[in-house]
Amino acid sequence: MLLSARTALMKTSIAAACLALSLAAHGAAPQPPADDTVRAQIDSLGDSTIAALVLEQRWTEVLPLARAWTRSNPGSARAWYYLGKALHHLDKTAEAETALKRALTLAPDDAQTLNELGIIANSRDRREAAIGYYERAHKADPTLPAVAENLGAVLAASGKYQQARTALLGAIELDPSSSFAWHTLGTVHEKLGLMPEAEQDYRKALELAPARDNTAVALASLLHAQGKYAYALQVYRNAVRQRADDPAVWHGMSNSMASIGRIDDAVNASRRAIRLDPAYAAAWHGLGVRYLQKRNFAKALIALNKSVALDPGSVNAWTSLVVLHSLRQDQPARRKALDRLRKLDRAAADSLSK
């Protein structure tokens with residue numbers, strides 16, 4: 001394991017550092033060196049060796065070296081940071097948090113440690129704690145774009161859209177090439193009702209990362225909601241070239257095709273989405289609506305029943321079933337669907353009862 005770590009441990013002239021790291025990595029418990037110079041040399045050696053492995057995300061190699069470093073120099077905040085980061089990436093979250101908090105006691109204003117703790121807190125749905133960590137990290141080092149991005153994202157997830165907007169604009173100023181920041185800013189602008197800005201943000205995110213997850217769908221959905229169906233369809237077509245195996249793209253394409261009257265093409269797109277994900281309730285609902293538009297009630301019934309079986313809480317699917325049973329003049333089935341809808345959305349059920 002040690003040999004694979006850039007051979008730095010073999011080439012160094014710092015014999016004491018090599019001995020301390022080697023013993024610790026093999027399970028021994030050496031005493032921390034008393035000499036401050038040697039301790040500093042161990043820190044320098046550990047940082048340069050581990051940093052290279054971190055860049056390549058070789059976490060199984062980082063872990064024993066970082067653990068060795070903490071044993072050789074328990075007072076090194078950097079050693080505890082690397083140990084926590086490695087444990088986090090190896091899905092040992094509780095241990096990771098403990099190690100990172102140890103690092104924080106040694107270096108309370110270390111932005112990277114604070115950022116990593118924020119990531120862990122956010123992954124555990126402790127958003128207020130995550131915001132606190134990210135804000136401290138940003139204050140400690142305002143030049144780190146990843147911190148500003150993470151802060152903006154968790155603020156947006158918490159519904160604090162104006163604050164999120166400020167953080168994300170700051171992140172983009174630091175790193176204009178971040179597709180993540182542009183995409184997240186788009187979602188924030190959409191929530192704030194700033195649709196032209198949201199469209200611009202999504203387009204920029206797509207320009208930077210054409211295959212980025214969900215950006216094409218977000219942009220096309222925004223265009224569709226504004227009645228720009230042909231433009232939405234063009235975005236979906238471009239997205240298919242990048243992500244032909246994404247059922248959400250085909251489902252969205254089906255909606256846009258149907259909105260400009262291309263019902264048969266919409267049916268085929270819905271079928272493609274379902275082939276890619278047979279448990280995609282929204283795609284089954286879309287297929288049911290397409291068949292309803294074609295007045296193929298038998299196939300519409302099969303698709304809509306499948307949709308509510310997969311997602312019994314879908315107001316849209318139950319609404320479509322009420323409409324379908326009304327057209328089929330099946331009053332018992334209509335009443336049953338209407339009762340289910342009323343439990344989910346009384347206003348929607350009442351509007352269909354009139």
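The values are calculated or read from the model by the stated rules, or taken from the named source; none is laboratory data. Bear in mind the structure is a predicted one, so any value in this text is a computation, not a measurement. For neighbour counting, all protein chains shown are included, and Cβ atoms are generated from backbone atoms with ideal geometry for every residue, glycine included.
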Enumeration of residues in the stretch 124-180 that are closer than 17 Å to Glu190 by Cβ, in a helix (DSSP H, G or I) and basic (Lys, Arg): Arg165
Restricting the first residue to the stretch 151-164 and requiring it to be farther than 20 Å from Leu117 by Cα, which pairs with a second residue that is of a type in the set (A, V, I, L, M, F, W, C) meet a Cβ separation below 6 Å and a spacing of at least six or different chains? Tyr161/Val188; Tyr161/Leu192; Gln163/Leu155
Could you give me the residue pairs with C-beta distances under 6 Å whose first residue belongs to the stretch 270-284 and is farther than 12 Å from Asp246 by Cβ, whose second residue is among the aliphatic types (A, V, I, L, M) wherever it lies, and which are 6+ apart or on separate chains? Ser270/Ala283; Ser270/Leu287; Ile274/Ala283; Ala279/Leu310; Ala281/Leu310; Trp284/Ala303
Go through (1) in contact with a Ser or Thr (Cβ under 8 Å, 6 or more places away or on another chain); (2) at pLDDT 90 or above; (3) not β-branched (Val, Ile, Thr) for Pro33 and report which single condition fails. (2)
Residue under question is Ser254, and the condition is that it be out of contact with any Ser or Thr (no Cβ under 6 Å at 6 or more places or on another chain), surrounded by 15 or more Cβ atoms within 10 Å (Cβ to Cβ) and within 26 Å of Leu222 (Cβ to Cβ); does it hold? no
When the stretch 332-348 is checked residue by residue, the ones that are touching a residue at least 24 places away in the same chain (Cβ under 8 Å) and crowded, with 19+ Cβ neighbours inside 10 Å are Leu341
If you scan the stretch 220-246, which residues turn out to be under 22 Å from Gly159 (Cβ atoms) and either surrounded by 16 or more Cβ atoms within 10 Å (Cβ to Cβ) or in contact with a Ser or Thr (Cβ under 9 Å, 6 or more places away or on another chain) (or both)? Ser221, Leu222
Taking the criterion of being closer than 22 Å to Asp339 by Cα and within 23 Å of the chain's Cα centre (by Cα), would at least one residue in the stretch 220-242 satisfy it? no
Identify all residues within the stretch 316-331 that are part of a helix (DSSP H, G or I) and loosely packed, with under 14 Cβ neighbours inside 10 Å; write none if there are none. Leu327, Gln331
Number of the exception - Arg334 against (1) in contact with a Ser or Thr (Cβ under 6 Å, 6 or more places away or on another chain); (2) outside any helix (DSSP H, G or I): (2)
